[in-house]
Amino acid sequence: GILIAALQMSYSQEFFMVILAVGLSSALQGVKIFGTELAIAAREDGSGLSTTAYFVGKILAQMPNALIEPLCFLSVYIFMGSLDIWFTDYLKILFGATLVNNATGVMISLLVVPANSQVTATLVALVMLCFSGNAPSIAEMEAQMGITYVVSQVSYARWTLMSLITHNFLRSSKCVLSAVLPKLEVKGYISMASTGFVTATDFDSLEVDCN
């Protein structure tokens, strides 16, 4: 967090780096939630105990960590940057991204052998990051029906980046959402199909008059 803030990047670049950091760390953490204890779960199943209860218990026990991790990250990072997004908004968005990546890591740990699960989780997080809306843009991805469109719809990076930029711009412009979105649609910064941003790289220079 200190490094990202110290680089003094633009809005979109800074958010992109934050999503990269949170995505990789939380995906790798998700792999360790249940994947390393499959042998224990199998032993409990053999003794007649509920593996479902064990699985749910492990997931619930991870929930506080999913909140603490972005909280610790933001407690240092947000006060060093020049962003307008509120701390609570940032925390809620990163908490949601952390939960999604934790869940992705858990699913990978159940499908991939432990020796390859961390590498797989890293690759999945990086692939999702490629569909964040920077390049290619969201409009370009939605115009290409097929695998590109599907991945763009399920990419945590795309929705996280869109949420971060929206909240940051709302705070900096002091506009209400109903006033911002139509103007962004007219200027082509939001996809008409899903209100996703066409591009994040040019967002820093966008000016919206709310009057």
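Per this entry, Ile78 is counted among residues that are out of contact with any Cys (no Cβ under 8 Å at 6 or more places or on another chain) and closer than 21 Å to Phe169 by Cα.
Of the set (1) over 18 Å from the mean Cα position of the chain (by Cα); (2) within 21 Å of Gln29 (Cβ to Cβ), all apply to Tyr156 but (1). Inspection of the stretch 107-114 finds no residue satisfying the criterion of being β-branched (Val, Ile, Thr), free of Cβ contacts under 8 Å to residues at least 40 places away in the same chain, open to solvent by 60 Å² or more (accessible area, probe 1.4 Å) and within 28 Å of Ser163 (Cβ to Cβ). Check Ile40 against each of (1) at pLDDT below 75; (2) buried (at least 16 other Cβ atoms within 10 Å of the Cβ) and name the one condition it does not meet. It is condition (2) that Ile40 fails. Checked against the criteria, Lys92 does not count as in contact with a Phe, Trp or Tyr (Cβ under 6 Å, 6 or more places away or on another chain) and part of a helix (DSSP H, G or I). Val180 fulfils the conditions (1) modelled with pLDDT of 70 or more; (2) in a helix (DSSP H, G or I) except for a single criterion, (1).
Give the stretch 128-146 a look and list any residue that's outside any loop (DSSP other than H, G, I, E, B) and either over 21 Å from Gly23 (Cα atoms) or open to solvent by less than 20 Å² (accessible area, probe 1.4 Å) (or both), or say none. Once the filter is applied, which keeps residues that are outside any loop (DSSP other than H, G, I, E, B) and either over 21 Å from Gly23 (Cα atoms) or open to solvent by less than 20 Å² (accessible area, probe 1.4 Å) (or both), the stretch 128-146 yields Leu129, Ile138, Ala139, Glu140, Met141, Glu142, Ala143. Do you know which of the residues in the stretch 52-76 that are closer than 17 Å to Ser163 by Cβ and of a type outside the set (A, V, I, L, M) is most open to solvent (accessible area, probe 1.4 Å)? That would be Phe73.
The single condition from (1) surrounded by 19 or more Cβ atoms within 10 Å (Cβ to Cβ); (2) assigned to a helix (DSSP H, G or I); (3) of a type in the set (A, V, I, L, M) that Ile85 fails is (2).
The values are calculated or read from the model by the stated rules, or taken from the named source; none is laboratory data. All values derive from a computational prediction rather than experimental measurement. Ideal geometry is used to build each Cβ from the backbone, glycine not excepted, and the neighbour counts take in all protein chains shown. Surface accessibility is based on the protein's heavy atoms, side chains included, excluding ligands, DNA and RNA. Shrake-Rupley method; radii C 1.70, N 1.55, O 1.52, S 1.80 Å.
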